[in-house]
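Notes follow once the structure below has been shown.
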Amino acid sequence: MTRTEMLRLRKYLNDKFESNKFTLDKPSTNDEDSVEVSYDGEFIGVIYRDEDEGEVSYAFQMAILELDLPSAADASLI
């Protein structure tokens, strides 16, 4: 992924979520078609670039661990 693509994606995320806390970094692997996404310094997922018949798209994959969710007994869920 090019630096320009990374900057455009970062701007999109920060604008979409009214934030300035998203950052994108090249992964430690040599995967040219992905970037790591962090929010306020914490890794939260990966954006993958896909090109099919000249059309470019980006897919954001974020894993959420069950232990990070609020307790099911939390009254504020209701």
Filter pass, S71 being open to solvent by less than 90 Å² (accessible area, probe 1.4 Å) and in a loop (DSSP other than H, G, I, E, B): yes
Considering residues of the stretch 1-41 that are acidic (D, E), open to solvent by 30 Å² or more (accessible area, probe 1.4 Å) and at pLDDT 95 or above only, the residue farthest from V56 (Cα to Cα): D40
Residue that is surrounded by the most Cβ atoms within 10 Å (Cβ to Cβ), among those in the stretch 48-60 that are of a type outside the set (D, E, K, R) and out of contact with any Asp or Glu (no Cβ under 8 Å at 6 or more places or on another chain): F60
Selection status of A63, out of contact with any helix residue (DSSP H, G or I) (no Cβ under 8 Å at 6 or more places or on another chain), among the hydrophobic types (A, V, I, L, M, F, W, C), assigned to a loop (DSSP other than H, G, I, E, B) and open to solvent by 90 Å² or more (accessible area, probe 1.4 Å): no
Every residue from the stretch 2-51 that is in contact with a helix residue (DSSP H, G or I) (Cβ under 8 Å, 6 or more places away or on another chain), part of a loop (DSSP other than H, G, I, E, B) and not charged (D, E, K, R): S19, N20
Number of the exception - A63 against (1) modelled with pLDDT of 95 or more; (2) small (G, A, S); (3) under 13 Å from the mean Cα position of the chain (by Cα): (1)
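The values are calculated or read from the model by the stated rules, or taken from the named source; none is laboratory data. Everything numeric in this text was worked out from a predicted model, so none of it was measured. Every residue, glycine as well, gets a Cβ built from its backbone with ideal geometry; the counts of neighbours run over all protein chains shown. SASA here: full protein model, heavy atoms, side chains in, ligands and nucleic acids out. Shrake-Rupley method; radii C 1.70, N 1.55, O 1.52, S 1.80 Å.
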